[in-house]
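Trainee: Okay, handing you the structure first.
The values are calculated or read from the model by the stated rules, or taken from the named source; none is laboratory data. For clarity, every value in this text was computed on a predicted model and none was experimentally measured. Because the Cβ atoms are built from the backbone with ideal geometry, glycine has one as well, and the counts that use them run over all protein chains shown. The area values use the complete protein model at the heavy-atom level, side chains included, leaving out ligands, DNA and RNA. Shrake-Rupley method; radii C 1.70, N 1.55, O 1.52, S 1.80 Å.
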Amino acid sequence: MDKFVIDGGRRLFGSIRAQSAKNSVLPLLAASILTEQRVTIRETPPISDVACMAQILRELGAEVRFEGGDVTIDSANACDHRISSALTKELRSSVFMLGSLLTRFGRAVCAYPGGCDIGLRPIDLHLNALKRLGVEIEEREGYILCSCKRLKGADLVLDFPSVGATENILLAAVMAEGRTVLEGAAKEPEIVDLQNFLNAMGAKIAGAGTDTVVIEGVTKLNGCDYLPIKDRIEAGTYLIGCAVCGGEVEVEGVNADSLGLLLHKLRENGCKIHVKNDKIRIASDRRLKCNRRIETRPFPGFPTDLQAQTAALNSMAEGCALIVENLFETRFKYVPELKKMGADIEVNGRSAFVRGVGRLHGAAVSCGDLRGGAALVLAALGAEGTSEVLDLAHIDRGYADMEGKLKSLGAQIRRVRV
Ligand code: EPZ
């Protein structure tokens with residue numbers, strides 16, 4: 001297991017380019033088995049979640065090759081419809097393989113999905129929607145066994161705009177018989193990217209990015225060559241990093257609208273933000289003011305995947321902030337680690353009350369999940385003294401070459417094998 005050794009207190013200057021979005025590439029990989037023709041996904045980030053999804057596809061019989069930052073998938077020989085429990089446990093995204101496998105094979109078996117330990121993460125919305133599309137589902141000994149003679153379009157309503165359930169529905173309805181109308185869909189940019197990817201394969205989907213998505217089932221999908229959107233959460237993480245450290249950083253490749261309320265909140269902290277096309281520039285003098293209140297919400301609200309990072313920022317600002325996590329039950333597991341660095345945060349259920357303490361001090365801290373780990377790195381960059389951030393496997397799930405990008409901005413960070 002690797003660790004970062006970080007000498008905090010350096011300002012950050014320079015420009016970085018965002019990676020392709022992890023939470024877009026994963027559903028696109030799941031969708032790639034909907035055709036027997038070749039699919040190419042460009043600029044795929046070398047992160048372990050992508051490697052895990054590639055392994056799932058290989059175990060189904062697909063050929064997956066990584067070449068020069070792109071990935072090609074040939075699934076003509078894919079023949080298995082079962083996903084191993086080991087891989088399912090590792091990756092939450094395995095659950096939307098159900099939609100793809102049912103469309104391709106009419107059957108699907110997978111264990112209950114894993115992923116970051118940030119809450120119960122039920123899949124009732126996924127399974128109820130699949131049943132409405134004609135899928136028979138049996139849950140036995142921790143496995144989900146699905147079968148369906150013919151997927152049939154239906155009118156669906158999601159009680160909650162679940163990202164994964166919306167993606168699963170697109171993957172299950174894309175070649176179903178007839179029309180599917182989904183109300184209450186998630187509106188994240190990654191849903192729009194999946195719609196565009198499927199339409200590039202010959203699908204007929206419209207409305208992604210709004211509450212209502214309409215899918216006209218088609219009889220065939222072709223291969224495609226596709227460049228996914230960039231990672232808004234990675235970009236937001238580095239923007240918050242510059243806010244915390246001070247300096248001036250430009251992040252390229254991300255549509256500012258995809259960051260939800262983050263830019264507004266960073267301006268509230270006292271940062272200068274300038275947006276020009278797909279370039280977002282932030283300048284910070286490090287004398288930050290706390291956001292009085294941050295509530296995470298489905299897109300276009302404040303992203304839950306930036307909640308931990310903004311808590312680290314508020315810990316080092318002046319004043320106090322109330323952070324409410326509305327999407328996941330236990331997404332404050334990073335707080336005890338931040339407290340080792342001197343943070344003053346009280347967690348009460350889904351709320352965290354943060355008192356800004358100005359500067360944090362270095363400490364040895366451990367990542368417990370992907371975004372909580374990223375928050376610890378930001379705290380270490382802004383702290384006085386040296387920190388060690390352990391259990392980097394969590395960070396490596398979603399951030400390609402974090403140390404390289406931060407070093408290029410002037411951070412004193414090195415990866416050490418433990
Ligand atoms: C996706 O997870 C992302 N993961 C998460 O990013 C992100 O935090 C989340 O969407 C919200 O934006 C991927 O895209 C791979 P949800 P997902 O279904 O699909 C409840 C990261 O750090 N729910 O929108 O699992 C659920 O419990 C990761 O990159 C049900 O109740 O999120 C949660 O409270 C972490 N029943 C809420 O909905 C269901 O059937 C949001 O979940 C499904 C979800």
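Trainee: Return the total of residues in region 338-374 being on the phi > 0 side of the Ramachandran plot and more than 16 Å from the ligand (Cβ to nearest atom).
Mentor: 2
Trainee: Can you work out which of the residues in region 278-298 that are open to solvent by 10 Å² or more (accessible area, probe 1.4 Å) and within 16 Å of the ligand (Cβ to nearest atom) is nearest to Leu360 (Cα to Cα)?
Mentor: That would be Glu295.
Trainee: For the subset of region 110-129 comprising residues that are of a type in the set (D, E, K, R) and within 8 Å of the ligand (Cβ to nearest atom), which member is modelled with the lowest pLDDT?
Mentor: Arg121
Trainee: Here's something else I'd like to know. Going by the structure shown, is Arg58 open to solvent by 20 Å² or more (accessible area, probe 1.4 Å), away from the ligand (no atom under 16 Å from the Cβ) and over 24 Å from Arg415 (Cβ atoms)?
Mentor: Answer is yes for this residue.
Trainee: Somewhere in region 254-264, is a residue in a helix (DSSP H, G or I), among the acidic types (Asp, Glu) and touching a strand residue (DSSP E or B) at 6+ places or on another chain (Cβ under 8 Å)?
Mentor: no
Trainee: So, one more: With the condition being modelled with pLDDT of 95 or more and of a type in the set (Phe, Trp, Tyr), I'd like the strands (runs of 3 or more DSSP E) fully within region 310-371 carrying at least 1 qualifying residues.
Mentor: Result: 351-355.
Trainee: If you go through region 17-43, how many residues are open to solvent by 10 Å² or more (accessible area, probe 1.4 Å), farther than 12 Å from Gly398 by Cβ and assigned to a loop (DSSP other than H, G, I, E, B)?
Mentor: Residues that pass the stated criteria total 5.
Trainee: Something else: Which of the following residues is assigned by TED's automatic domain parsing to the domain that holds Cys148, surrounded by fewer than 18 Cβ atoms within 10 Å (Cβ to Cβ) and not aromatic (Phe, Trp, Tyr): Ala176, Ala206, Ala172?
Mentor: Ala206
Trainee: When you go through Leu259, Leu306 one by one, which is the residue that is at pLDDT below 95, within 14 Å of the ligand (Cβ to nearest atom), under 19 Å from Leu378 (Cβ atoms) and crowded, with 22+ Cβ neighbours inside 10 Å?
Mentor: Leu259 is the lone residue from the list that is at pLDDT below 95, within 14 Å of the ligand (Cβ to nearest atom), under 19 Å from Leu378 (Cβ atoms) and crowded, with 22+ Cβ neighbours inside 10 Å.
Trainee: Say we look at region 373-418 and pick out the residues that are within 22 Å of the chain's Cα centre (by Cα) and open to solvent by 40 Å² or more (accessible area, probe 1.4 Å); which of these is farthest from Glu43 (Cα to Cα)?
Mentor: So the residue we want is Leu390.
Trainee: Does region 130-140 contain any residue that is within 15 Å of the ligand (Cβ to nearest atom), closer than 24 Å to Ser85 by Cβ, crowded, with 23+ Cβ neighbours inside 10 Å and not assigned by TED's automatic domain parsing to the domain that holds Gly373?
Mentor: Within region 130-140, one or more residues are within 15 Å of the ligand (Cβ to nearest atom), closer than 24 Å to Ser85 by Cβ, crowded, with 23+ Cβ neighbours inside 10 Å and not assigned by TED's automatic domain parsing to the domain that holds Gly373.
Trainee: Examine region 316-336 for a residue that is farther than 27 Å from Glu90 by Cβ, basic (Lys, Arg) and open to solvent by 10 Å² or more (accessible area, probe 1.4 Å), and state whether such a residue exists.
Mentor: no
Here's the yes/no breakdown for (1) among the hydroxyl-bearing types (Ser, Thr, Tyr); (2) closer than 18 Å to Leu221 by Cα:
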position	(1), (2)
Ser84	yes, no
Ser94	yes, no
Gly99	no, yes
Arg107	no, no
Leu120	no, no
Asn128	no, no
Ser162	yes, no
Ala165	no, no
Asn168	no, yes
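Trainee: On to the next question. Say whether the condition of being within 16 Å of the ligand (Cβ to nearest atom), β-branched (Val, Ile, Thr) and open to solvent by 10 Å² or more (accessible area, probe 1.4 Å) is met by at least one residue in region 190-197.
Mentor: yes
Trainee: Can you name the condition, by its number, that Pro46 falls short on among (1) in a helix (DSSP H, G or I); (2) under 30 Å from Ala411 (Cβ atoms)?
Mentor: The number of the failed condition is (1).
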